[in-house]
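Let me begin by presenting the structure, written as structure tokens, before commenting on it.
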Amino acid sequence: QVHLVESGGGLVQPGGSLRLSCTASGSIFGINAMGWYRQAPGKQRVLVATITNDGSTNYADSVKGRFAISRDNAKNTVYLQMNSLKPEDTADYYCIAISHGYYWGQGTQVTVPS
């Protein structure tokens, strides 16, 4: 089992920045990749960004150039730096760890008012 704890959400004005953090514990040695998904009210959960153990990254088109995912393997932590935030970025953000299964964090809310 992998346990994920997220932090860093909040309310930010358009154009502002936030950094989300997600720390993994438990059976972390089997983790191949980590990432972030988001779910806006009334919508499906969608991919935001992922990062593999070798540092390869993948981003949704809607966040390319504005968001950056990184990881600190020594701290078992993945980060999502979000810049130039827009109202359409408002969502619950969920950390995911991909191991022998898929593990999810509890979610952290990001609100960008229009």
Taking into account only those residues within the stretch 90-102 that are open to solvent by 10 Å² or more (accessible area, probe 1.4 Å) and in contact with a Ser or Thr (Cβ under 9 Å, 6 or more places away or on another chain), which is modelled with the lowest pLDDT?
HIS100
One residue is enough: does the stretch 36-50 have a residue meeting the conditions touching a Gly at 6+ places or on another chain (Cβ under 9 Å), in contact (Cβ under 8 Å) with a residue 12 or more places away in the chain and of a type in the set (Ser, Thr, Tyr)?
yes
Can you tell me which residue is nearest to ASN53 (Cα to Cα) among those in the stretch 104-114 that are part of a strand (DSSP E or B) and either acidic (Asp, Glu) or under 13 Å from the mean Cα position of the chain (by Cα) (or both)?
TRP104
Of GLY35, GLY9, which residue is under 18 Å from TYR103 (Cα atoms) and either open to solvent by less than 60 Å² (accessible area, probe 1.4 Å) or hydrophobic (A, V, I, L, M, F, W, C) (or both)?
GLY35
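The values are calculated or read from the model by the stated rules, or taken from the named source; none is laboratory data. This one's a predicted model, so the numbers in the text were calculated from it and none came from an experiment. Note that we place each Cβ from the backbone using ideal geometry, even for glycine, and neighbour counts take in every protein chain shown. For accessibility, only protein heavy atoms count, side chains too; no ligands or nucleic acids. Shrake-Rupley method; radii C 1.70, N 1.55, O 1.52, S 1.80 Å.
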